1. Taking 8 Å as the Cα distance limit and 6 or more residues as the minimum spacing, I'd like the relative contact order of the chain as a percentage.
2. So if R0 is 35 Å, what FRET efficiency would Met63 and Leu30 give, r being the distance between their Cβ atoms, rounded to the nearest 0.05?
3. Once label points are set 7 Å from the Cα along Cα→Cβ at both Asn55 and Thr71, what is their separation, rounded to one decimal in nm?
4. Hey, any idea what % of the chain's accessible area is carbon plus sulfur with a 1.4 Å probe?
5. Does anyone have the angle between helix 21-48 and the longest principal axis of the chain? Alpha-carbon axes, 0 to 90°, nearest 10?
6. Per residue, what accessible area does the chain have, given a 1.4 Å probe and all protein chains present, in Å²?
7. Can you work out D for the chain in µm² s⁻¹ from Stokes-Einstein, where Rh is the Kirkwood radius over C-alpha pairs, the temperature is 20 °C and the viscosity is 1.002 mPa s?
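The values are calculated or read from the model by the stated rules, or taken from the named source; none is laboratory data. Just so it is clear, the structure is predicted and the values come from calculations on it, not from any experiment. Methodologically, a virtual Cβ is constructed for each residue, glycine included, from the backbone with ideal geometry; neighbour enumeration extends over all protein chains shown. What goes into the accessible areas is simple: the full protein's heavy atoms, side chains included, and nothing from ligands, DNA or RNA. Shrake-Rupley method; radii C 1.70, N 1.55, O 1.52, S 1.80 Å.
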Amino acid sequence: VGFAAVVGMLVPRPVTAFPTLLSFLWQFSLMELLGDFILYWGHRVQHESEYLWKNHHSFHHQMITPSACSTGYIDALDSTLQ
């Protein structure tokens, strides 16, 4: 049995194309909270780990003035962990 088959058994198919407003608000809020929680801890671990700080994360803290353009100034592992 493949992964898609297992997921199909666990996740019910939607009755309509769009969720109800309450369902949407619940899922959106949960997504935002979980995403923010994971981003925070991913970033915090990079500050706490001497290896990650020295070799990957401190790279983007060298920017004197953060801007939208400086978002490209990030290490690949740093980006993955965040």
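1. 26
2. Efficiency for this residue pair is about 0.60.
3. The two pseudo-label positions are separated by 2.8 nm.
4. Working: 5000 of 7150 Å².
The computed percentage sits at 70.
5. 30
6. 87
7. For these conditions, the coefficient is 133 µm²/s.
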